[in-house]
Amino acid sequence: MRQLQGIPASPGVALGPAFRFERRTLEFPRLTDQPAEAEWTRFETAIAQVREALTQIRDRAEREIGAAEAEIFEAHLMFLDDPALLDAIRSAIEANGLNAEAAVHDATHYYAAILEGLPDPTLSARAVDVHDVGHRLKRALLNIAEDGASLTAPSVVIAHELTPSDTVMMDRRLVLAMITEVGGPTSHAAILARSYGIPAIVGVGGLIDIASATLLAVDGSAGTLVVDPDEATQLAVATRRADQQVHQAQARVRAIEPAISRDGKRVEVVANVGAVSGARIALEQGAEGIGLFRTEFLYIKRETAPDEDEQTEQYRAVIEVMGERPVIVRTLDIGGDKPLPYLDLGHEDNPFLGLRALRIGFEYPDILLAQLRAILRAGAGHCVKVMFPMVATVGEARAARAMLEQARAELIARSAPIAEQVEVGVMIEIPSAALSADRLARVVDFFSIGTNDLAQYALAADRTNARVAHIADAFHPSVLRLIRQVIEASHAAGTWTGLCGELAGEPLAVPILFGLGLDEFSMNPPAIPIAKEIVRGLTLDEARPVALAALDLDDGQAVRALVRATWPWVES
């Protein structure tokens with residue numbers, strides 16, 4: 001028995017045989033004696049086949065987990081139409097006498113290498129997507145079926161790397177967990193694993209030595225993989241998995257009920273969504289509203305900015321699904337790591353510290369004003385709230401509110417129906433905002449803590465970089481201390497605090513956040529039933545002292561251990 005350590009990517013435990021997912025090596029001659037037009041015709045046929053296949057994958061992902069996650073495959077489809085890629089392939093066929101397979105291989109590897117060489121790990125990770133499209137094109141040209149089609153029994157899938165389409169196309173009834181040697185917790189495959197509720201670990205070294213059918217024990221929450229576990233470990237994991245399945249079934253039955261602790265404390269449990277399909281899934285999972293409506297999907301992968309009317313229509317569609325439930329709409333949260341062709345953001349050596357989110361709104365006020373007008377129009381007759389991301393100072397919060405009032409005045413002048421009494425909040429993602437929460441609470445109506453960014457900024461560790469991502473741990477006591485400070489500041493000012501980072505949906509974090517006094521938990525819809533069930537098993541009197549004790553521990557692992565020791569049923 002030996003234990004390997006990786007980076008937690010999706011929570012849950014699993015016990016089962018290994019299945020080695022190996023991308024087959026595609027062999028083909030580089031040169032051809034066929035006319036160039038014949039090779040180009042073969043390539044066009046392959047493009048059509050791959051486009052159809054990716055469209056089906058996108059539609060499947062949208063049906064199963066929502067439009068936000070399906071957007072991953074929109075990027076793949078757009079790559080098929082990239083003029084630079086098509087020109088490079090055609091030139092290789094016509095000028096160099098390459099066959100279509102070799103031309104595709106060279107062109108996609110060239111563009112993937114450019115991405116891999118970028119200093120921004122978020123962009124460099126997208127090289128996997130380019131390789132995925134290239135591999136699909138070459139398979140179509142060679143008339144070879146999908147990789148991984150031989151998965152026939154429940155297994156722990158181990159691989160050097162998994163692409164988004166690998167993840168979606170696997171039969172999830174047979175996938176007990178996913179383990180990869182490379183990748184980070186924000187890779188597309190990791191995002192999809194979490195959305196599907198599949199335990200996953202990334203960045204695990206030593207997988208090459210694990211043979212198929214080797215028994216594996218997986219803990220996605222801790223990031224541990226035990227190879228050839230002994231009987232005691234097998235029993236512990238099997239028992240924990242069985243308990244989890246029973247607990248999850250019970251939670252789903254009670255999903256629509258409110259989250260009220262044993263001593264009567266109620267918290268709001270809401271959803272993070274990015275489209276209408278996600279809103280519908282959220283309701284099915286028991287969401288009491290939307291705590292984070294991501295709007296950036298309207299802005300990316302297009303040549304022009306969405307106009308006010310288009311935004312109004314899209315926002316209204318989501319808001320109407322929720323009926324009278326509250327919907328918090330976050331304004332555009334994008335930056336130099338996700339360039340927009342219609343905005344000259346320029347190159348930035350460190351885009352995560354550069355012109356992004358609200359800062360773009362101040363730089364391009366027409367963009368932000370159009371969005372604010374659309375939100376106000378879409379929210380007419382509904383409970384809509386506006387939230388500004390990446391606020392660093394009190395002055396920025398004041399300026400953002402002023403722009404909202406300007407948008408309101410412009411709509412009133414047009415006699416347009418608008419939402420009334422709109423609450424205004426800011427995301428607490430930057431340590432300066434957390435440390436100034438008492439001042440910010442005098443300016444806004446609520447806070448929503450974005451722990452994904454707060455952790456990486458507080459601990460100076462890029463969460464998209466697999467080499468340091470483990471340092472950006474939202475369970476770290478320093479991050480928890482910032483969270484407590486924000487909550488206490490809002491309560492002192494008579495306002496409330498939510499949390500929309502991934503920490504809100506982590507079972508081990510729920511008791512700590514509840515004990516710290518968090519008012520609203522916003523998470524991916526599949527996590528909602530379990531989070532509610534955990535709250536129902538707690539009391540504030542027992543959770544508060546444990547949460548305070550967690551603030552004095554050394555690291556996030558110690559915090560997790562404290563929760564496991566106090567409430568062993570939380571992960572069941």
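The values are calculated or read from the model by the stated rules, or taken from the named source; none is laboratory data. Please read all numbers here as calculations on a predicted model, not as lab measurements. We place every Cβ from the backbone using ideal geometry, glycine too, and count neighbours over all the protein chains shown. Calculation scope for accessible area: heavy atoms of the full protein, side chains included, ligands and nucleic acids excluded. Shrake-Rupley method; radii C 1.70, N 1.55, O 1.52, S 1.80 Å.
The table below lists the values:
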read-out: Condition check for LEU343: aliphatic (A, V, I, L, M) and open to solvent by 60 Å² or more (accessible area, probe 1.4 Å); value: no
read-out: Residue check for GLU533: assigned to a helix (DSSP H, G or I), in contact with a His (Cβ under 8 Å, 6 or more places away or on another chain) and charged (D, E, K, R); value: yes
read-out: Scope the stretch 433-456; condition closer than 21 Å to GLU268 by Cβ, of a type in the set (Val, Ile, Thr) and at pLDDT 95 or above; matching residues; value: VAL444, ILE449
read-out: Members of the stretch 479-499 that are aromatic (Phe, Trp, Tyr) and more than 10 Å from LEU518 (Cβ to Cβ); value: none
read-out: Hits in the stretch 372-390 (condition: open to solvent by less than 10 Å² (accessible area, probe 1.4 Å), over 24 Å from the mean Cα position of the chain (by Cα) and not hydrophobic (A, V, I, L, M, F, W, C)); value: GLY379
read-out: Filter result for VAL128 (of a type in the set (Val, Ile, Thr), open to solvent by less than 60 Å² (accessible area, probe 1.4 Å) and at pLDDT 85 or above); value: no
read-out: Failed item, numbered, when ARG136 is tested on (1) in a loop (DSSP other than H, G, I, E, B); (2) modelled with pLDDT of 85 or more; value: (1)
read-out: Helices (runs of 4 or more DSSP H) within the stretch 330-446 that include 3 or more residues out of contact with any Asp or Glu (no Cβ under 8 Å at 6 or more places or on another chain) and more than 23 Å from HIS491 (Cβ to Cβ); value: 358-363, 365-378, 394-413
read-out: Sole exception among (1) assigned to a strand (DSSP E or B); (2) of a type in the set (A, V, I, L, M); (3) in contact with a helix residue (DSSP H, G or I) (Cβ under 7 Å, 6 or more places away or on another chain) for ALA177, by number; value: (3)
read-out: GLU64 vs. criteria of a type in the set (Asp, Glu) and under 30 Å from GLN285 (Cβ atoms); value: yes
read-out: Residue in the stretch 198-214 that is nearest to PRO507 (Cα to Cα), counting only those that are assigned to a loop (DSSP other than H, G, I, E, B) and open to solvent by 20 Å² or more (accessible area, probe 1.4 Å); value: GLY203
read-out: Residue in the stretch 469-492 that is modelled with the lowest pLDDT, counting only those that are more than 22 Å from LEU440 (Cα to Cα) and in contact with a strand residue (DSSP E or B) (Cβ under 7 Å, 6 or more places away or on another chain); value: ALA469
read-out: Number of the condition not met by ALA271 [criteria: (1) farther than 30 Å from PHE514 by Cβ; (2) of a type in the set (A, V, I, L, M, F, W, C); (3) within 17 Å of the chain's Cα centre (by Cα)]; value: (1)
read-out: Candidate set: the stretch 252-262, residues that are open to solvent by 70 Å² or more (accessible area, probe 1.4 Å) and part of a loop (DSSP other than H, G, I, E, B); chosen: the one modelled with the lowest pLDDT; value: ARG254
read-out: Flag for ARG564 being of a type in the set (Lys, Arg) and farther than 15 Å from VAL267 by Cα; value: yes
read-out: Cross-chain or 6+ apart pairs with Cβ under 6 Å, the stretch 505-527 first and at pLDDT 95 or above, then part of a loop (DSSP other than H, G, I, E, B); value: PRO511/LEU538; PRO511/TRP567; PHE514/LEU538; SER522/CYS500
read-out: Residue in the stretch 499-508 that is more than 18 Å from the chain's Cα centre (by Cα) and buried (at least 23 other Cβ atoms within 10 Å of the Cβ) present; value: no
read-out: Number of positions in the stretch 516-528 that are of a type outside the set (Asp, Glu) and surrounded by fewer than 23 Cβ atoms within 10 Å (Cβ to Cβ); value: 2
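Residues checked against (1) modelled with pLDDT of 90 or more; (2) open to solvent by less than 70 Å² (accessible area, probe 1.4 Å); (3) assigned to a helix (DSSP H, G or I):
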{"site": "LEU216", "(1), (2), (3)": "yes, yes, no"}
{"site": "VAL226", "(1), (2), (3)": "yes, yes, no"}
{"site": "LEU235", "(1), (2), (3)": "yes, no, yes"}
{"site": "ALA238", "(1), (2), (3)": "no, yes, yes"}
{"site": "GLN244", "(1), (2), (3)": "no, yes, yes"}
{"site": "GLN250", "(1), (2), (3)": "no, no, yes"}
{"site": "GLY264", "(1), (2), (3)": "yes, yes, no"}
